[in-house]
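The values are calculated or read from the model by the stated rules, or taken from the named source; none is laboratory data. All values reported here derive from a predicted model rather than from experimental measurement. Virtual Cβ from ideal backbone geometry, glycine too; neighbours counted across all protein chains shown. The protein model used for the area step is the full one, side chains on, heavy atoms only, and it has no ligands, DNA or RNA in it. Shrake-Rupley method; radii C 1.70, N 1.55, O 1.52, S 1.80 Å.
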Amino acid sequence: MTPAKFILLGFASVILLGAFLLCLPISNTAGIWMPFIDSLFTSTSSVCVTGLMVYDVAMELTIFGQVIVMLLIQIGGLGFVAITSLLFLLIGKKIDYATRLTIQESLNQEDTKDVVKTIVFVIIATFSLELIGFIALIPPMIEFSGSVGLGIFKALFLAVSAFCNAGFDPLGTATPAFSNLSHFATNPAVLIPVMFLIVLGGIGFIVFIDLFKKFKKKKRLNIHTRIVLWLTGILILLGAVLVMFFEWNNPNTIGNMSTGNKIMNCFFQSITTRTAGFATFNQSQMSQITVMICEIFMFIGGSSASMAGGVKTTTFFVLLLLLFKSPDQNGNIIYRNRKISNNLITKATKIALIAVGVLVVGTTLVYTFEAGTATLDAVIFECTSALCNAGLSFGITPTLCWQSKLVLSLMMYMGRIGMLTIPLAFKIKNQPNSIKYVDAKLTVG
């Protein structure tokens, strides 16, 4: 059982367990056994912190069902390995070397040194930040719900969902189905805490750890942290400016809002698009150019070792370097007196190519299965959102056939565990490099 196989089977086990629990009559307001494909889709979307929904969480799930979804989001956000390690620590079981290797793989660490301390830090940081967001969201949720108990639960659910970049909301009972956060499009008391939680959940625990070391030991930030923070800031600002430019006068999105609310919603759209899946307006009403921009931002996603999906910001950065800088004779790229190795460049290229390939195949299958009942634009948006764990939708999710739901479930699963995890789990041993081969001398371009 390699670390990659353990991660694959762990996530699959949690998804199947969640699907069974969501099937139960106690989980839905109708009190019936739900179709397994719908429960499987919802469980997959929860564990893979995506946010695509075949039914409105608040309107069609009981409190029990909503608690199950929230727990699945938390497990999926932290990761199966982190939850398992937490249970081991709570019962006093020693974490052996094999488990340390799995933790190393799940957190993208270079070695097994201090991985137990790292996982403890990750868990504490997650619960602490979710607690802060939860406290900030309590007043508006109580006001919205008209009940202290229900408001507190909604605040907790929303905080967990936002930090885990899941996009699920418990707000549908007082708004139309699948309206998400549109009721709060002009409410900064909700949107600002949610935005901060999304960003913090999407920058990655590697960055958290490095920032903690900087403030504790006055160490210089490593290059990974600097790149992630710079890219995150640039992408948020660029996305907001582009949405402003193309949607400012669109009456179906932000055109009828005040100037301040327009700016706030543009930043919210920029942040949520890359991985979170919350929406303050109907995504299908955006202009075509804005839709294309959102798909690009969904594809990029958040940062490594985070709650976010997509190919990741650092992968995007390496590909940009490869595009604008020529590798040296060893295939390495030098950036600010640091070597970006040939192996890292190859890994980034593989991730992007696999993502594009899966996206093309998935889009083709879903569009074929839907047989013209959904437009190609809506299918491309839906599939990009699924693979990149973004959760935004044109609203076609509930109407999809079971074959399309299965394809999207597989895409969400692959996007969450990582584009290289499946190939890594079943990789074939490399050929010995002692043999020298003749150059193929291919002509490309």
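Select, from 369, 394, the only residue that is among the aromatic types (Phe, Trp, Tyr), touching a residue at least 40 places away in the same chain (Cβ under 8 Å) and in contact with a Ser or Thr (Cβ under 7 Å, 6 or more places away or on another chain). Unique residue meeting the criteria: 394.
Would you check if there is a residue in the range 111-123 being at pLDDT below 65 and surrounded by fewer than 19 Cβ atoms within 10 Å (Cβ to Cβ)? Looking for residues that are at pLDDT below 65 and surrounded by fewer than 19 Cβ atoms within 10 Å (Cβ to Cβ), one finds at least one in the range 111-123, hence yes.
Would you call residue 373 polar (S, T, N, Q), open to solvent by 20 Å² or more (accessible area, probe 1.4 Å) and in a helix (DSSP H, G or I)? In short, no.
Filtering the range 328-347 to residues that are of a type in the set (Lys, Arg), surrounded by 12 or more Cβ atoms within 10 Å (Cβ to Cβ) and in contact (Cβ under 8 Å) with a residue 24 or more places away in the chain leaves only 347.
Listed by first and then second residue, the pairs linking a residue in the range 202-219 that is within 15 Å of residue 128 (Cβ to Cβ) and in contact (Cβ under 8 Å) with a residue 24 or more places away in the chain to a residue that is among the aromatic types (Phe, Trp, Tyr) and open to solvent by 30 Å² or more (accessible area, probe 1.4 Å), with Cβ atoms under 9 Å apart and 6 or more places separating them unless they lie on different chains, are 205/121; 208/121; 209/121; 212/121. Restricting attention to the range 143-161, and to residues there that are open to solvent by less than 40 Å² (accessible area, probe 1.4 Å) and of a type in the set (S, T, N, Q), which single residue is farthest from residue 187 (Cα to Cα)? The residue in question is 161. Checking the structure you have, find out if any residue of the range 3-18 is touching a Leu at 6+ places or on another chain (Cβ under 6 Å) and open to solvent by 10 Å² or more (accessible area, probe 1.4 Å). There is at least one residue in the range 3-18 that is touching a Leu at 6+ places or on another chain (Cβ under 6 Å) and open to solvent by 10 Å² or more (accessible area, probe 1.4 Å).
Residues that are at positive phi, over 23 Å from the mean Cα position of the chain (by Cα) and of a type in the set (Lys, Arg) are absent from the range 320-333 altogether. Just one of the listed residues (350, 325) is open to solvent by 30 Å² or more (accessible area, probe 1.4 Å), free of Cβ contacts under 8 Å to residues at least 60 places away in the same chain, out of contact with any helix residue (DSSP H, G or I) (no Cβ under 6 Å at 6 or more places or on another chain) and not β-branched (Val, Ile, Thr), namely 325. Criterion applied to 249, 165, 256 was being modelled with pLDDT of 85 or more, on the phi > 0 side of the Ramachandran plot and out of contact with any Phe, Trp or Tyr (no Cβ under 7 Å at 6 or more places or on another chain), and the one residue passing it is 165.
One residue stands out in the range 49-94 among those that are among the small types (Gly, Ala, Ser) and modelled with pLDDT under 85: the one that is surrounded by the most Cβ atoms within 10 Å (Cβ to Cβ), namely 85. Here residue 355 meets each of (1) small (Gly, Ala, Ser); (2) assigned to a loop (DSSP other than H, G, I, E, B); (3) open to solvent by less than 80 Å² (accessible area, probe 1.4 Å) with one exception, condition (2).
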